[in-house]
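Everything below concerns the one structure shown next.
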Amino acid sequence: MSEASSASPCVHVLLASYQGARYIREQLESIANQTHTNWTLTISDDGSTDDTVTLCEAFARERADHRIRLIRGLGRRSTANFFHLLRSVEPSSGHDLVAFSDQDDVWLPEKLARAVSSLRSMRVAAGQPALYAARTRLVNETLEPIGVSRLPLRPLGFGNALLQNVASGNTMVFNQALLRLMRRVKPEHAVLHDWTAYQVVTGCGGQMHFDPEPCLLYRQHAHNLIGSQGRSWDKVLRMGMLFKGQYRTWGDQTEAAMNDIASELQPKALEVLRKFQDMRRRPDLIGRMQAGRHSGLWRQTRSGRASFWLGLALNRL
């Protein structure tokens, strides 16, 4: 029997909020209207000065639902807020699951049900981490459709996860084995909560399913922390980050995060991590390029591969 085989596991939804008054009510309604009705919702607000907290409190009061609670974030931005939420979860059963939620999306009614069904079908071994993620339907600020997020073009795996994230955190649902591993990562070492989840599940011998069907409406607007990876403007922004040294900083954080869970990494993942570390420390261009060719690392797209080699050449990975 798998770890997620309970007929109706409780899904603990973790929503990180900050200045979200404009859209958060629609997101709260979409969570409450899930066909999978066994859930809890914890909202960690990171110091909003708009009506975010008032709206959340009113929503919980109107529904008179003890499953909804609001806690105070640490004021250290989104990633730290999600890790704060991870430490706030109190599973009541070994079958309980965890889901990340953004504040400005709209979940499709079957989102949680599909995730639960997918995790159940994995037949996960005891103690093995498991992660569900999915595509998203891209919409504008008024929820008009503008596209669909891309599918991964190449296999998922640790060698890919060290370089990029392919799954949006707002789609993720995962088991308690992954929750326990995520809690071992220091928040300051994580680049993004969802990227860390992808690294941990692939590095620690877990199972991951990427659903090709969209599970939510993903708003694309000026205040997105990270937009869909298919947007042309985001590609420009990411190239700018490369030249400014942001990717180098992310590499340092990634090494630190993986060192936090090094004792749980599979032997093959440890080997790839050591090659990643060696590649980044090579002082000479030729040495870095040779190390990159034998590193076991890959990116999903042609443009991503080009940025990898450019970053390696400039010693900014």
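A few remarks follow.
- Taking every residue in the range 226-248 that is more than 21 Å from ALA161 (Cβ to Cβ) and open to solvent by less than 70 Å² (accessible area, probe 1.4 Å) and pairing it with any residue that is in a loop (DSSP other than H, G, I, E, B) and modelled with pLDDT of 70 or more, at least 6 positions away or on another chain, the pairs with Cβ-Cβ distances below 6 Å are GLY245/ARG316.
- Residue-level analysis places THR42 outside the set of residues that are touching a residue at least 24 places away in the same chain (Cβ under 8 Å), touching a Gly at 6+ places or on another chain (Cβ under 7 Å) and open to solvent by less than 30 Å² (accessible area, probe 1.4 Å).
- Failed condition for ASP278, given (1) of a type outside the set (Gly, Ala, Ser); (2) open to solvent by 30 Å² or more (accessible area, probe 1.4 Å); (3) in a loop (DSSP other than H, G, I, E, B): (3)
- Among residues of the range 1-37, those that are at pLDDT 95 or above and either part of a strand (DSSP E or B) or under 25 Å from GLY206 (Cα atoms) (or both), counted: 10
Residues checked against (1) touching a strand residue (DSSP E or B) at 6+ places or on another chain (Cβ under 8 Å); (2) β-branched (Val, Ile, Thr); (3) open to solvent by 50 Å² or more (accessible area, probe 1.4 Å):
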position	(1), (2), (3)
ARG69	yes, no, yes
ARG72	yes, no, yes
LEU86	yes, no, no
ASP96	yes, no, no
GLN103	yes, no, no
VAL106	yes, yes, no
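- Residue in the range 193-201 that is surrounded by fewer than 23 Cβ atoms within 10 Å (Cβ to Cβ) and outside any strand (DSSP E or B) present: no
- Residues of the range 142-170 that are within 15 Å of the chain's Cα centre (by Cα) and of a type in the set (A, V, I, L, M, F, W, C): LEU156, PHE158, ALA161, LEU162, LEU163, VAL166, ALA167.
- Qualifying residue in the range 74-82 (condition: open to solvent by 50 Å² or more (accessible area, probe 1.4 Å) and either over 30 Å from ARG238 (Cα atoms) or in contact with a helix residue (DSSP H, G or I) (Cβ under 8 Å, 6 or more places away or on another chain) (or both)): yes
- Pairs, first polar (S, T, N, Q) in the range 274-287, second part of a helix (DSSP H, G or I) and surrounded by 12 or more Cβ atoms within 10 Å (Cβ to Cβ), C-beta under 8 Å, six or more apart: GLN277/GLU255
- In a residue-by-residue description of the range 55-66, the property of being over 27 Å from LEU153 (Cβ atoms), in contact (Cβ under 8 Å) with a residue 12 or more places away in the chain and in contact with a strand residue (DSSP E or B) (Cβ under 6 Å, 6 or more places away or on another chain) applies to at least one position.
- Among the residues of the range 46-66, the one identified as of a type in the set (D, E, K, R) and in contact with a Phe, Trp or Tyr (Cβ under 7 Å, 6 or more places away or on another chain) is ASP46.
- Residues located in the range 142-183, provided they are under 16 Å from ASP211 (Cβ atoms) and of a type in the set (Ser, Thr, Tyr): SER149, SER168, THR171
The values are calculated or read from the model by the stated rules, or taken from the named source; none is laboratory data. Keep in mind it's a predicted model, so treat the numbers as computed, not measured. Don't worry about glycine lacking a Cβ; one is built from the backbone with ideal geometry, like all the others, and counts go over all protein chains shown. Note: areas computed on protein heavy atoms with side chains; ligands, DNA, RNA excluded. Shrake-Rupley method; radii C 1.70, N 1.55, O 1.52, S 1.80 Å.
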